[in-house]
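**Student:** Sharing a structure, written as structure tokens. Questions coming.
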Amino acid sequence: MSQWSSAKAKRVLAALLRIGWSIKRESSSHKILSRAGWADVVFAFHDKEEIGPKMLARIAKNTGLKPEDL
């Protein structure tokens, strides 16, 4: 079983901003996030969209996000 549960995109984005990511560029629902020492990440979700465990795990792998950050 995954250590991740579903979460709203708005909550995930807020957690990413708390751990040091910043919005570099934004176009509609696509946000380019940047953080020193990491490759830029595209966050392409609407605020009210539910992100499932598999996608959260993939986001975590690329951003350093942990379940306790949510």
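**Student:** Test of the criteria: in the chain, which trypsin sites (Lys or Arg not before Pro) are in a DSSP loop and have at most 13 other Cβ atoms within 10 angstrom of their Cβ?
**Tutor:** Taking the chain and a limit of 13 other Cβ atoms within 10 Å, the loop trypsin sites (Lys or Arg not before Pro) found are LYS48.
**Student:** Tell me the per residue accessible area of the chain using a 1.4 Å probe; a whole number in Å² is fine. The partial results should precede the final answer.
**Tutor:** Working: 4640 Å² over 70 residues.
Result: 66 Å² of accessible area for each residue.
**Student:** With a 1.4 Å probe and every protein chain left in place, tell me how much accessible area ASP40 has, in Å² to the nearest 10.
**Tutor:** Accessible surface of ASP40 is approximately 80 Å².
**Student:** Please work out which option in [x] 3, 13, 21, 22, 19, 13, 7, 2, 0; [y] 3, 18, 31, 28, 15, 4, 1, 0; [z] 3, 17, 24, 20, 16, 12, 7, 1 gives P(r) over Cα pairs in 5 Å bins from 0, in percent calculated from these coordinates, and answer with its label.
**Tutor:** Among [x] 3, 13, 21, 22, 19, 13, 7, 2, 0; [y] 3, 18, 31, 28, 15, 4, 1, 0; [z] 3, 17, 24, 20, 16, 12, 7, 1, the one derived from this structure is [y].
**Student:** Further question on the same structure: What's the carbon and sulfur percent of the chain's accessible surface, probe 1.4 angstrom, rounded to a whole number?
**Tutor:** 52
**Student:** Just grab the label-to-label distance for HIS46 and HIS30, each label 7 Å out from Cα along the Cβ direction, in nm (one decimal).
**Tutor:** 1.7
The values are calculated or read from the model by the stated rules, or taken from the named source; none is laboratory data. The structure presented is a predicted model; accordingly, all values stated were derived computationally and were not measured. When we count neighbours, we look across all protein chains shown, and the Cβ atoms used for this are built from the backbone with ideal geometry, even at glycine. SASA here: full protein model, heavy atoms, side chains in, ligands and nucleic acids out. Shrake-Rupley method; radii C 1.70, N 1.55, O 1.52, S 1.80 Å.
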